[in-house]
Amino acid sequence: MRDPRHDVLFEPIKIGPVETKNRFYQVPHCTGMGWRRPQTLAAMRGVKAEGGWGVVNTEFCSIHPTSDNDYYPYAALWDQDDIRANRLMTDAVHEHDALAGVELWIGGGMVANLGTRLPAYGLRNRPQTDSSVLNPFQARKVDKQDIRDIRRWHRDAALRAGEAGFDIVYVYATHGYLISEFLDPTINTRTDEYGGSLENRVRIVRELIEETREAVGHKAAVATRFSVALNDPETFDAFGLLADLPDLWDLTVPDYGVEMGASRFVKEASFVDSIAAAKSLTSKPVVAVGRFTSPDTMARVIKDGSQDLIGAARPSIADPFLPKKIEEGRSEDIRECIGCNVCYAHDSLGVPIRCTQNPTMGEEWKLGWHPDRAGTSPRKDETVLVVGAGPAGLEAARVLGERGHNVMLAEATRDLGGRVSRESRLPGMAELARVRDWRVGQIEKLDNIEIFRESRMTPQDVLELGVDHVVLATGSTWSTDTVGRHSDTGLRHEAPDMVLGAETVLDGDPFDANHVVIYDDDHYYLGSVMALELRRKGHQVTLVTPAGRPCDWGQYTTEVYSSNAALIEAGVKIVTNKTIVAANPGSARLSCMFSEQESDLACDVIVPLTRRLPVSDLYDGLMAIEDRVKAVGIQSVTRIGDAEAPGIVAAAVHSGYRVAMDLGEDVDIAKKYGRREHTV
Ligand code: ADP
Ligand code: SF4
């Protein structure tokens, strides 16, 4: 039974000529699929519609080859082939009685058109403004004919969107792309009717809204994605000039680090005040994101009039069935987004998005995986022992249980969660614990999974249990040598007591050292959050990295800037472009990445973060007695997660899901996991 407090989320609402059945609105979000993977994309969007989202949008959708974001995947509506490809998506969405929206996109000075090799159309003569890539290309400064061409291309793309079956068509006026360049007085220095006064600067938005309506307004709503911020009053003046023009406002703030902020720095509903202020200026419905995962918060922001629809990208990725779960009174089953931005990172890397919480994300077409149904195992009568209750083991146990197996989950310690429990205690990392909590909650609902805490398993224990399958999710530990990406051999000299294992820091054990050097050759969040934790505990901390900046992989998750700002603010000393080659008494010997010139850094202890080693004693022990393993009837022994190959938490969860789907099957890996979309 649905909680009546959430009824407001299920009220239909008119958006121009169309109506959405509820207030759940999947805003446009990138997917790493784009025009290259239309079937992958359609299957994924279709699952969202099936999960109850009233509106499901595309990612940014190029109107013309002058807006090309290769190698970042994007959707496109350039021609008849694109219409057919997008039709796959609109059909999949319509099948579940949801509306399909398309975010028409004009790249502007943000892009370099690496694919089409045409000059980008920007507002100024200056290099590509997407600072994450630093390509040595400049945009062509648009003249009046270019603006007329862009308007025509936008209108033609809107017509193609209509043909492809879209119910909502966007004018995309934010995120630094061409239209937001027009709006920004510091960028727009034009002296014609498109520059100068605010009226002139919003002219292009007005024209595009009107022309889109002329093209498709008889059957599709015209939405506008736009940014407002309380600390920038002009954004509200601009909004006020356009307030009642589109059929729907999709509002955000002009700071992507907040809109898309990682949970280390940005929490749920973080900019609802700016949205509410804009909503009071328009009679048209307003949708906005805020990484909403709590149905109470969602109902509150609608009831208090801050917004009309709950926009979601990440919460819809982590749980495509979020609306259905609220509708069916199963809110406690919502798999909450943890704000890690691993989804976004993979789009930036040019591959289909994945999700730490939802291992089926991106695998809907390729593998037929479904976020709310794992199916029944053909071998469900066979019993399984899962060893290790980190993210991999918890996910394996949960899905094996859901598929009907009797499962024993043995964990050496009292705590469940493995690395996510330990890391979630570090500064800003609390939401990581949701990976554990959601799985434990689901496992507790199944009576065919039994958890054994404080049960460190030996090969002999495993033999005695009489199970059919063994899944080893025993994880990994940080090595105390410095073998890793930048060293084949590790330290050439190591003075006694100069190296402290990262595991000690993760355990929270106190140690006696004033100046700690973290040697971060891992390049993701851990070195930085450890540095913050050690500062909190009163140590002097220096982070040494062979990269040009700490948390370099955080460029893909958007956290690199906030992460480094936090280090600077906390007084962590940062040394870049240096490896550590030796640990001498009282100092670390550094080597310059470029010149190999060496220098000494005085310190009391060095914590290396260079590689993790799988915990393999149990696996090795079982392999050593393979004949006895077979003799007691164990059909398979499989390593998963970090015990197989240490990686990010998303990879561990995915491997847990995978083993549960493939258990005991003779899988043709190349055929199954190598499945691709071919255009020929
Ligand atoms: P992953 O990320 O692959 O899930 P983790 O390191 O997070 O790996 O978790 C591994 C878990 O396995 C830890 O909680 C650890 O205590 C547990 N573990 C390791 N070896 C054994 C063992 N022999 N018996 C039971 N549990 C084990
Ligand atoms: Fe949320 Fe992380 Fe999943 Fe993205 S990858 S949806 S941020 S849990």
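The values are calculated or read from the model by the stated rules, or taken from the named source; none is laboratory data. Nothing here was measured: the structure is a model prediction, and the numbers come from that model. Cβ atoms come from the backbone with ideal geometry, glycine included; neighbour counts cover every protein chain shown.
Identify all residues within segment 82-108 that are of a type in the set (A, V, I, L, M) and either assigned to a helix (DSSP H, G or I) or outside the structural domain of Trp153 (by TED's automatic domain parsing) (or both); write none if there are none. Walk me through how you get there before you give the answer.
Residues of segment 82-108 of a type in the set (A, V, I, L, M): 83, 85, 88-89, 92-93, 98-100, 102, 104, 106.
Those that are of a type in the set (A, V, I, L, M) and either assigned to a helix (DSSP H, G or I) or outside the structural domain of Trp153 (by TED's automatic domain parsing) (or both): Ile83, Ala85, Leu88, Met89, Ala92, Val93.
Whether any residue in segment 601-613 is among the small types (Gly, Ala, Ser) and under 22 Å from Pro550 (Cα atoms) is what I want to check. Give the derivation first.
First pass over segment 601-613, keeping only residues among the small types (Gly, Ala, Ser): 602.
Now restrict to residues that are under 22 Å from Pro550 (Cα atoms): 602.
Looking through segment 601-613, at least one residue is among the small types (Gly, Ala, Ser) and under 22 Å from Pro550 (Cα atoms).
Could you check segment 410-425 and list, in sequence order, the residues that are buried (at least 23 other Cβ atoms within 10 Å of the Cβ) and either in the same structural domain as Asp509 (by TED's automatic domain parsing) or more than 9 Å from ligand 1 (Cβ to nearest atom) (or both)?
If the condition is that a residue be buried (at least 23 other Cβ atoms within 10 Å of the Cβ) and either in the same structural domain as Asp509 (by TED's automatic domain parsing) or more than 9 Å from ligand 1 (Cβ to nearest atom) (or both), then no residue fits.
Output the number of the condition that Arg379 fails; it satisfies all remaining conditions of (1) farther than 23 Å from Tyr74 by Cβ; (2) of a type in the set (D, E, K, R); (3) within 16 Å of ligand 1 (Cβ to nearest atom).
(3)
Anything in segment 322-347 that is within 16 Å of ligand 1 (Cβ to nearest atom) and either more than 20 Å from the chain's Cα centre (by Cα) or in a loop (DSSP other than H, G, I, E, B) (or both)? List them, or say none. Step through it out loud before you land on a result.
In the first step, residues of segment 322-347 are kept if they are within 16 Å of ligand 1 (Cβ to nearest atom); the result is 338, 340, 342.
Result: Ile338, Cys340.
Just to be sure, is Arg403 within 14 Å of ligand 1 (Cβ to nearest atom), more than 22 Å from Ala502 (Cβ to Cβ) and either of a type in the set (Ser, Thr, Tyr) or modelled with pLDDT of 95 or more (or both)?
On the way: within 14 Å of ligand 1 (Cβ to nearest atom): no; more than 22 Å from Ala502 (Cβ to Cβ): yes; either of a type in the set (Ser, Thr, Tyr) or modelled with pLDDT of 95 or more (or both): yes.
No.
Just give me the residues in segment 308-321 being assigned to a loop (DSSP other than H, G, I, E, B), within 15 Å of ligand 2 (Cβ to nearest atom), closer than 21 Å to Leu251 by Cα and not small (Gly, Ala, Ser), in sequence order. Don't jump to the end; show me each part of the working.
Initially, segment 308-321 is screened for residues assigned to a loop (DSSP other than H, G, I, E, B), giving 308, 313, 319-321.
From the residues that got through so far, the ones that are within 15 Å of ligand 2 (Cβ to nearest atom) too are 313, 319-321.
From what's left, closer than 21 Å to Leu251 by Cα: 313.
Listed by number, the list is empty, since nothing qualifies.
How many of the residues in segment 557-610 are buried (at least 16 other Cβ atoms within 10 Å of the Cβ), small (Gly, Ala, Ser) and touching a Gly at 6+ places or on another chain (Cβ under 9 Å)?
The qualifying residues number 3.
For segment 294-307, indicate whether the set of residues that are within 14 Å of ligand 2 (Cβ to nearest atom), in contact (Cβ under 8 Å) with a residue 60 or more places away in the chain and hydrophobic (A, V, I, L, M, F, W, C) is non-empty.
The answer is no, given that none of the residues of segment 294-307 is within 14 Å of ligand 2 (Cβ to nearest atom), in contact (Cβ under 8 Å) with a residue 60 or more places away in the chain and hydrophobic (A, V, I, L, M, F, W, C).
Could you check segment 326-362 and list, in sequence order, the residues that are touching a Cys at 6+ places or on another chain (Cβ under 9 Å), within 20 Å of Arg439 (Cα to Cα), among the aliphatic types (A, V, I, L, M) and more than 6 Å from ligand 2 (Cβ to nearest atom)?
Selection gives Met361 alone.
Across segment 648-671, which residue is nearest to ligand 1 (Cβ to nearest atom) among those that are surrounded by 15 or more Cβ atoms within 10 Å (Cβ to Cβ) and either assigned by TED's automatic domain parsing to the domain that holds Trp553 or part of a loop (DSSP other than H, G, I, E, B) (or both)?
The first filter runs over segment 648-671 and keeps only residues surrounded by 15 or more Cβ atoms within 10 Å (Cβ to Cβ), leaving 648-664.
Now drop any that are not either assigned by TED's automatic domain parsing to the domain that holds Trp553 or part of a loop (DSSP other than H, G, I, E, B) (or both), which leaves 648, 663-664.
On the way: Ile648: 9, Leu663: 17, Gly664: 21 Å.
If we take residues in segment 648-671 being surrounded by 15 or more Cβ atoms within 10 Å (Cβ to Cβ) and either assigned by TED's automatic domain parsing to the domain that holds Trp553 or part of a loop (DSSP other than H, G, I, E, B) (or both), then Ile648 is nearest to ligand 1 (Cβ to nearest atom).
Answer with yes or no whether Tyr519 is under 19 Å from Leu590 (Cβ atoms), outside the structural domain of Gly428 (by TED's automatic domain parsing) and not in a loop (DSSP other than H, G, I, E, B).
Working: under 19 Å from Leu590 (Cβ atoms): yes; outside the structural domain of Gly428 (by TED's automatic domain parsing): yes; not in a loop (DSSP other than H, G, I, E, B): yes.
So Tyr519 passes the test.
Just checking, which of Gly633, Gly641 is more than 16 Å from ligand 2 (Cβ to nearest atom) and crowded, with 20+ Cβ neighbours inside 10 Å? Before you say what the answer is, go through the steps one by one.
Values: Gly633 fails: crowded, with 20+ Cβ neighbours inside 10 Å.
One residue alone meets the criteria, Gly641.
Look through Gly417, Gly375 and report the one residue that is under 22 Å from Gly647 (Cβ atoms) and either in contact with a Lys or Arg (Cβ under 6 Å, 6 or more places away or on another chain) or at pLDDT 95 or above (or both). First the steps, then the outcome.
Values: Gly375 fails: under 22 Å from Gly647 (Cβ atoms).
Going through Gly417, Gly375 in turn, just one is under 22 Å from Gly647 (Cβ atoms) and either in contact with a Lys or Arg (Cβ under 6 Å, 6 or more places away or on another chain) or at pLDDT 95 or above (or both): Gly417.
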